[in-house]
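Everything below concerns the one structure shown next.
The values are calculated or read from the model by the stated rules, or taken from the named source; none is laboratory data. Keep in mind the model is a prediction, meaning the values are calculated, not measured. When we count neighbours, we look across all protein chains shown, and the Cβ atoms used for this are built from the backbone with ideal geometry, even at glycine. We work out accessible area using only protein heavy atoms, side chains counted, and drop any ligands, DNA or RNA first. Shrake-Rupley method; radii C 1.70, N 1.55, O 1.52, S 1.80 Å.
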Amino acid sequence: MSLLVITGPTASGKTARAVDVAKAIDGEIISVDSRQIYRGMDLGTGKDLDEYGPVPYHLIDICPAGYRYNLYEYLRDERVARESIESRGKTPVLCGGTGLYIESVLNGILLPEVPPNPELRERLADKSLGELTAILSEMKTLHNSTDVDSCKRAIRAIEIEEYYRLNPEKAADAHPTPLTDAVIVGVDIDRDARRRRISDRLQARLDQGMIEEVDRLLKSGIAPENLIYYGLEYKFLTLHLTGRLSRQDMVCQLETAIHQFAKRQMTWFRGMERRGHRINWLPYDLPREEFVGRVLELIDRQKNGEN
């Protein structure tokens, strides 16, 4: 087994499950959450760092809030973390719910560093976002919207594609090598329980000071649009704190958005299964010892070539 993945929708309790399993297999956790990498964004991203106890974790609190981390950086940093864990004889446990990152790791995607192209940037500088999106869509299939959420990012995406076109040997170096022996465990939670836990958790985090957390980030100098970019809690709380949403509307719209986000996560996971990734779903409410035991059985079956 090259990697154990524990995933599931938001509020399924996957972090606690990953910690329990990591303790049992002498593992270290690599977070696969696209927002927990940011420092100071704690309640809104649900870091719950005390849950880890003695289990080491990686790729949390590695960037300042306001920065826009991307898939290339994640794949680079995840690979470094995984190799470091393996070099110490430990087992890497990937834990989180960012489906794009999980699937990219499992597919063994490599994204070599691409140098800036000043001439290309100058040629594209006056293009609208719509024009840049059209150019990029002619160069590749757009799998997600992050490449075209701003002119700057769209130009960078075009720059990368142009680099691969002019340097085909570099594109060949990026040929994926899938992780064929990874074990993927999904924490399965029914819709009603998931909705209840999302609602309860949102209220608890508001009580714990989530509004104050976002207020501190704004007062530290982070532009409102940079927090809105992160979506969900940071979007709606920023809209509230900047006077664009009442507290009642903020809570209502945010709760709805989190429920929709969880549905999108499940859609991604079902897509992963269709694309050949076997996810072993285990009930979210299994007793701790039974959950760990079931995961250990899956690992043994993988090692024996039974999966």
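Annotations for the structure displayed:
- Computed log₁₀ I(q)/I(0) - Debye formula, equal Cα scatterers, no solvent, the stretch 1-70, q 0.14, 0.16, 0.20, 0.28 Å⁻¹: -0.43, -0.56, -0.86, -1.41
- Ordering of 219-225, 234-240, 41-47 by packing [mean C-beta count within 10 Å, highest first]: 234-240, 41-47, 219-225
- Taken over the stretch 223-307, the percentage of Cα pairs per 10 Å bin, counting from 0 up to the bin with the maximum distance, is 15, 26, 23, 20, 13, 3.
- If the convex hull is drawn through the Cα atoms of the stretch 150-208, its volume per residue in Å³: 202 Å³
- Percent carbon-and-sulfur accessible area, the stretch 1-154, ignoring ligands, DNA and RNA, probe 1.4 Å: 50 percent
- For the stretch 172-288, alpha-carbon Rg relative to the globular expectation (2.2 N^0.38 Å, N residues): 1.38
- Across Lys14/Lys152; Lys140/Lys263; Lys140/Lys219; Lys140/Lys303; Lys14/Lys170; Lys152/Lys235, pairs whose alpha-carbon gap is larger than 29 Å: Lys14/Lys152; Lys140/Lys219; Lys140/Lys303; Lys14/Lys170
- Test item: Cα-centred dipole of the stretch 132-275, Lys/Arg +1 and Asp/Glu -1 on Cβ, debye: 360 debye
- Net charge, Ile85 excluded, C-beta distance under 14 Å - Lys, Arg +1, Asp, Glu -1: -2
- Size of charge dipole - the chain - debye, nearest 20, with Cβ of Lys, Arg +1 and Asp, Glu -1, no other charges: 480 debye
- The value given for the chain is a Kirkwood hydrodynamic radius of 20.9 Å, derived from the mean inverse Cα-Cα separation.
- Once the Cα gyration tensor of the stretch 259-304 is diagonalised, semi-axes √(5λ) in Å: 24, 17, 5
- Rg/Rh for the stretch 62-171 (Cα atoms only, Rh after Kirkwood) is 1.02.
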